[in-house]
Amino acid sequence: MLNIVLVEPEIPQNCGNIARTCAATRSRLHLIEPLGFDISEKAVRRAGLDYWPMVDLRVYRNLEHFFAENPNPDLWLATTKAPQDYTGATFRDNCYLFFGKETAGLPEEFRLAHYDRCIRIPMRADARSLNLSNSVAILAYVGAAPAGVPQLSGVGEMAGGRDGSLPSGAR
């Protein structure tokens, strides 16, 4: 299992997209407060997040509370300031991928304490960053691979036959 950790996320739409990715990949979602949105049952129901019950969610008061509950995790910190790209990381089953808040990223002190565990997603030099939910999706699937993405695969069904023909009236 992969663990996605959001440190002080601010934008509800990003968290919703990330929760959906966690549901699809069977990853556990950890949220470190303060949160920039409400995740009460009423708020989630109002937002129509029908996949929310599929999310294994844990919420913590702060990073200290997280580490008290999860001592010595195999962690990786996603940051645009990282010295290495994600291909230098070895994602193991039950590792933790940390992502910072949208406006500031992960706290500098936290990054420096885990300098050799900081990774980035390669992008052009003049691009500030990717959207948080996109970054999580990329690394969630990279991180899920060692745990066996095939176990996640269902079988899709397309209209038409194996020969590529479409049913009559379909385009």
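The values are calculated or read from the model by the stated rules, or taken from the named source; none is laboratory data. This structure is a prediction, so every number in the text was calculated from the model and none was measured. Here Cβ is always computed from backbone atoms with ideal geometry, including for glycine, and neighbour counts include all displayed protein chains. These area figures cover heavy atoms from the full protein model, side chains too; ligands, DNA and RNA do not enter into them. Shrake-Rupley method; radii C 1.70, N 1.55, O 1.52, S 1.80 Å.
Here residue 135 sits with roughly 20 square angstrom of accessible surface, probe radius 1.4 Å. Projecting label points 7 angstrom from Cα along Cα→Cβ for residue 110 and residue 46 puts them 2.7 nm apart. In vacuo Debye scattering of the range 16-74, one point per C-alpha: log10 I(q)/I(0) at q = 0.12, 0.25, 0.26 Å⁻¹? The computed values of log10 I(q)/I(0) come out as -0.32, -1.10, -1.14.
Efficiency by 1/(1 + (r/R0)^6): what FRET value for residue 11 and residue 125, r their Cβ-Cβ distance, R0 = 25 Å, to the nearest 0.05? Once the sixth-power term is evaluated, E becomes 0.50.
When the range 57-127 is described by a simple charge dipole with +1 on each Lys and Arg Cβ and -1 on each Asp and Glu Cβ, the residue from 71, 60, 105 located farthest towards its positive end is 105.
Contact order for the range 1-90, expressed relative to its length and based on alpha carbon pairs under 8 Å spaced 6+ residues apart, stands at 29 percent. Taking amide H atoms as placed 1.01 Å from N in the peptide plane, the amide H of residue 119 lies under 5 Å from those of 77, 78, 79, each 5 or more residues away in sequence or on another chain.
Extending each Cα 7 Å along its Cβ direction at residue 87 and residue 57, get the distance between those two points in nm, one decimal. Each label point lies 7 Å from its Cα, and together they span 3.7 nm. Solvent-accessible surface of the range 1-123, averaged per residue with a 1.4 angstrom probe and all protein chains in place: 53 square angstrom. Element breakdown for the range 17-159 at a 1.4 angstrom probe: carbon and sulfur atoms account for 49% of the accessible area.
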